Amino acid sequence: MMLMKFAEKCPKCGGFVQTKSVRKSIGLGFVEIPVAQFCLNPVCDWYQDFAETRKPEDIKEGFQLKIPSVMPAFKKPEFKIPGISKNQMTALAAIIGIIVIYTIFSDFVPVNQFDNSNDIIQKQQPLKSGLQNNTTTVSSVTPTISIVPTTIPALAIPPSIIDPRSYTIKIDIGHGFYPEVITINKSDTIIWNSEESQRLRIVLVSNDGLFEKQLIQYPGRYQYQFKQEGKYTFVLAEYRSYKEYQNSTGTVIVR
């Protein structure tokens, strides 16, 4: 007997094939057994029948086993009302009877038993009034408190500290000092910068004797730090003869 093989495409023309199957139940599931295949091409006449084998295990492909999912049956919860025993009924009846007897007894109690409480309240009232009088006398007397003024010593404020700065003054024979007058703070520094390119040597003279005559060569400079307050004047003089040039006076004011 020839063993048939499950075909995915037509072995004759290469076209698509269609498979017919039969479903058979096995236990809780079922089996789909292919019985035949034929080509979908209308020109091709290829066809094979699997029913001739009569054994599903001879078919290599197309054998499928499907088992339906079995879910357990859902059971609704049952609610049971607990029964009441005879002992519980007897205890409940006894409690109800005690409540009824208590309400009847409270209706017939005489009111005279509560007169003693009124006497106690009346005795407490004079004591309370006495306490009120004591509180009024205490509250009426208020002590006098004398207020003594306190003097706060004045705090000494230290003088503000200013960082020293540097200022530049240009000097030449034709213009003298530029700027001619400058105001600085104590500990500041003045830098005299020579701009005289015709006479390469000029002398800076302090009329107040802050420093000795200083020779400045072009393009040279000289600096001095002022440590005392005051007004200081300076002039430019000729080298070696120390003859002062006209219109060459500068002033520095230190505050």
(request) Please give, to one decimal in nm, the separation of the simple spin-label points placed at Ala91 and Asp163, each 7 Å out from Cα toward the Cβ. (result) 9.4 nm
(message) Let me check I've understood the local charge: for Arg199, count other residues with C-beta under 11 angstrom from its C-beta, Lys and Arg +1, Asp and Glu -1. What total comes out?
(response) -2
(request) For Lys227, put the label point 7 Å out on the Cα→Cβ axis and report which residues of region 167-193 keep their amide N under 15 Å from it. (result) 186-190
(message) Need one number: nm distance between label points at Lys9 and Tyr47, each 7 Å from Cα along Cα→Cβ, rounded to one decimal.
(response) 2.4 nm
(message) Order these by the 10 Å Cβ neighbour count, fewest first: Leu40, Leu215.
(response) Leu40, Leu215
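Computed from the coordinates by the stated procedures, all read-outs in this text should not be read as laboratory data. The model shown is predicted, which means the values in this text are computed figures rather than measured ones. Positions of Cβ are generated from backbone atoms using ideal geometry, with glycine treated the same way; all protein chains shown enter the neighbour counts.
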